[in-house]
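Below is one structure, written out as structure tokens; the observations come after it.
The values are calculated or read from the model by the stated rules, or taken from the named source; none is laboratory data. Predicted, not measured: the structure shown is a model, and the values here were computed from it. A quick note on method: Cβ atoms are made from the backbone with ideal geometry, for glycine too, and the neighbour counts reach across all protein chains shown.
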Amino acid sequence: MSEEQRYRPDDECPLFSERLEELLVAVTRGESPNAGRFCGYCYHPLGEWTRVCPHCGMGTDQRAPVDSVPEEIIEMLRAQRQTESRIVNAFAYAGLIIAVLAGLALVLGIPFLRANLIWATVVYAVVLLIGGRGLAGWLGGYYGDRIGYERARRALRERWAAWLVERDAA
């Protein structure tokens, strides 16, 4: 069985390598210091003797490594994750709302269930459990995840381009 591969967009925005993202999450949690040797272009963590960034291909002779990741880059990751989370959760809650409304329509629309409270409760509980979990997972985990990632990545590309202009002007 093959391992799941992380999506690698080809959009001229080198942020964030998997290693950098893991490190920045640890930094924001206070589990790791924002210190080390990082690519001067994309901020991917570099080994002491690394001369070419394995993530973006920039040589250390082209752009000198830095000792820490700028706060602006950490903020870009936070913003990306917040956007993704907000959209995924919105789609998941939409799935739950659909399950609630479908359950009510089913229970109120079938005369037998309207007349039998116990059966109506059982049917409604099953619809909520299965439909709520299924729709929340499907809408949030499939559509919300893709839409959230694309929207967050678009905003990241815009912030990255502005950051490059600002950084290179200094």
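Odds and ends about this structure:
- Any hit, segment 98-105, residues being in a helix (DSSP H, G or I), within 30 Å of Leu23 (Cβ to Cβ) and of a type outside the set (S, T, N, Q): no
- Pair list, Cβ under 8 Å, 6 or more apart: segment 147-170 residue within 13 Å of Ala79 (Cβ to Cβ), other residue surrounded by 12 or more Cβ atoms within 10 Å (Cβ to Cβ) and small (Gly, Ala, Ser): Gly148/Ser85; Ala152/Ala79; Ala155/Ala79; Leu156/Ala79; Arg159/Ala79
- Segment 35-81, residues that are touching a residue at least 12 places away in the same chain (Cβ under 8 Å) and either in a helix (DSSP H, G or I) or at positive phi (or both): Gly36, Tyr43, Glu72, Ile73, Ile74, Met76, Leu77, Arg78, Ala79, Gln80, Arg81
- When the criteria are applied in full, Val122 meets the requirement of being of a type in the set (A, V, I, L, M, F, W, C), without any contact (Cβ under 8 Å) to a residue 24 or more places away in the chain and either part of a loop (DSSP other than H, G, I, E, B) or surrounded by fewer than 16 Cβ atoms within 10 Å (Cβ to Cβ) (or both).
- Any hit, segment 69-81, residues being surrounded by 14 or more Cβ atoms within 10 Å (Cβ to Cβ) and touching a strand residue (DSSP E or B) at 6+ places or on another chain (Cβ under 9 Å): yes
- Verdict on Val52 being at pLDDT 90 or above, out of contact with any Phe, Trp or Tyr (no Cβ under 7 Å at 6 or more places or on another chain) and among the hydrophobic types (A, V, I, L, M, F, W, C): yes
- Flag if Trp163 is hydrophobic (A, V, I, L, M, F, W, C), part of a helix (DSSP H, G or I), out of contact with any Cys (no Cβ under 9 Å at 6 or more places or on another chain) and modelled with pLDDT under 90: yes
- Scanning segment 82-115 for residues that are within 14 Å of Arg151 (Cβ to Cβ) and either buried (at least 16 other Cβ atoms within 10 Å of the Cβ) or in the same structural domain as Glu22 (by TED's automatic domain parsing) (or both) gives Thr83, Glu84, Ile87, Val88, Phe91.
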